[in-house]
1. Among the residues of region 446-463 satisfying the criterion of being in a loop (DSSP other than H, G, I, E, B) and under 48 Å from the mean Cα position of the chain (by Cα), which is surrounded by the fewest Cβ atoms within 10 Å (Cβ to Cβ)?
2. Looking only at region 201-228, count every residue that is surrounded by fewer than 19 Cβ atoms within 10 Å (Cβ to Cβ) and out of contact with any strand residue (DSSP E or B) (no Cβ under 8 Å at 6 or more places or on another chain) and tell me the total.
3. Is it the case that region 229-242 has a residue that's assigned to a helix (DSSP H, G or I), within 11 Å of the ligand (Cβ to nearest atom) and crowded, with 22+ Cβ neighbours inside 10 Å?
4. Can you name the residue in region 357-386 that is among the charged types (D, E, K, R) and outside any helix (DSSP H, G or I) and, of all such residues, is nearest to Ala346 (Cα to Cα)?
5. Which of the numbered conditions does Asn250 fail, given that it passes all the others? Conditions: (1) in contact (Cβ under 8 Å) with a residue 60 or more places away in the chain; (2) away from the ligand (no atom under 12 Å from the Cβ).
6. With (1) farther than 28 Å from Ala354 by Cβ; (2) assigned to a loop (DSSP other than H, G, I, E, B) as the list, and Lys443 as the residue in question, which single condition is left unmet?
7. Only one of (1) part of a helix (DSSP H, G or I); (2) loosely packed, with under 14 Cβ neighbours inside 10 Å; (3) not basic (Lys, Arg) is not met by Glu286, so which one is it?
8. Which of the following residues is assigned by TED's automatic domain parsing to the domain that holds Tyr312 and of a type in the set (Asp, Glu): Asp440, Asp449, Asp397, Asp445?
Amino acid sequence: MLLYNSLSRTKETFRTAELGKVKMYTCGPTVYHFAHIGNLRTYIMEDVLEKHLSASGYDVLRIMNITDVGHLTSDGDTGDDKMLKGAKREHKTVMEIAKFYTDAFFADCAKLNIKTPEIVQPATGCIDDFIQAVSKLLEKGYAYEAGGNVYFDTSKLDQYYRFHDFKEEDLEVGVREGVEGDSNKRNKADFVLWFTKSKFDDQELKWESPWGLGYPGWHIECSCISMKYAGEYLDLHCGGIDNVFPHHTNEIAQSEALLGHAWCPHWFHVLHLNTSSGKMSKSKGEFLTVSLLEEKGYDPMAYRFFCLQSHYRKSLVFTWENLDNAQSAYKKMIAKIRPLLADQSAPDAAQKDALLAPFREAMDNDLNTALAITALYDVFKADASAATKCAAIAEMDKELSLNLLEAAKAADSEQSAEQEIPAEILELVEQRKEARKAKDFAKADALRDQIAALGWEIRETRAGTEITKK
Ligand SMILES: [Zn+2]
């Protein structure tokens, strides 16, 4: 498989340290608020990558952290503790907030068919590992204590900036913003490994450490959690493009300093989801969550389809119109699959492979899901039996996870249930619905009696009106 590597800025043949096994790390969510759909774009694309690697025969070990430790609004020693802010907002304890939003994150993932990684590790469960790593960095001379905090000394590295997609001047602007007011740092790019002194006094979660009561810096958690489960070598590290700097740059700095050798050769980054006014964020404009999409009548699968229609290395613009288009394209696709379901004959294995070849080629070429979906559309036009087409679609959907056959079957059984109810009854049910809406309950009751006289019973349930034969 060819996969773009943010370190080399080229598409490379993806290789792993151990034949047939991928150790894959994903930066997990910060759990003080709901994830917005822009965050979830990254998780959808990482999910497709994991499933494609599995479908290609790899045994994938996937690890994800949950950032539930003091969440600074910036990388520097400034800003509020986001967890505490969330807790104050919602009158809950910090750990209650973390649990609530961790559950909410995985509920959103489930709706989007994002598989839960094999290992999910909350940072608060690894404080001893972080303390050990910071001690080791101090011992090795890569860290120093100043003003009560422990800092990583970036001047001890031959090369600190590792991702060259960004101009060094741009990075320095980011660094400058982060270190504003922190005179303890020896070099502007140095970052905190352990805090005991923070600009906000009411940091809720603190632990004893050799440097005093405090809490770990953000970056150290990913290095330590990765090493805890994957050992000294990682094959693939994933995240959103905004993690490149400073987070991933700092992860590499710490990990290689700790290990004394190269750590992870391949870095996969998903570009932003933008709104028409710029990058989607928690603080700007309408806060777009999976629940909001559902409230507005969208199937979460339509959002997944929307994401898959474009390449992960292109920024994607979200508008309601774009989502409408994706939803209608998704529905049309399901409608095209429905007539194929009836064919119960055995699929032709050779023909199925031929249908799958362009799909695999697209996925093998830097996870080109847009082209892979074109290959899916081509299945409908192909000269093959319906059963063979269904088998090919099922195979593709192991990676796309769009519920294609399930949704087609559900649409089919819904319609056959509808067909059994005579049009006359449906018309009366419709009239009754209108009467209820107009609060004309006398008319609604009369219509119910009329329906009952014709041998049908209607019941109001939470899912809507249920019509059954008496
Ligand atoms: Zn991370």
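1. For region 446-463, the residue satisfying everything is Arg462.
2. Matching residues across region 201-228 total 4.
3. To start, the set of residues in region 229-242 that are assigned to a helix (DSSP H, G or I) comprises 229-230, 241-242.
Adding the requirement that they be within 11 Å of the ligand (Cβ to nearest atom) leaves none.
Within region 229-242, none of the residues are assigned to a helix (DSSP H, G or I), within 11 Å of the ligand (Cβ to nearest atom) and crowded, with 22+ Cβ neighbours inside 10 Å.
4. Asp383
5. So the condition that Asn250 fails would be (2).
6. (2)
7. Of everything listed in (1) part of a helix (DSSP H, G or I); (2) loosely packed, with under 14 Cβ neighbours inside 10 Å; (3) not basic (Lys, Arg), Glu286 misses just condition (1).
8. Numbers: Asp440 fails: assigned by TED's automatic domain parsing to the domain that holds Tyr312; Asp449 fails: assigned by TED's automatic domain parsing to the domain that holds Tyr312; Asp445 fails: assigned by TED's automatic domain parsing to the domain that holds Tyr312.
On inspection, the qualifying residue turns out to be Asp397.
The values are calculated or read from the model by the stated rules, or taken from the named source; none is laboratory data. Bear in mind the structure is a predicted one, so any value in this text is a computation, not a measurement. Cβ sites come from the backbone with ideal geometry, for glycine too, and all protein chains shown count toward neighbours.
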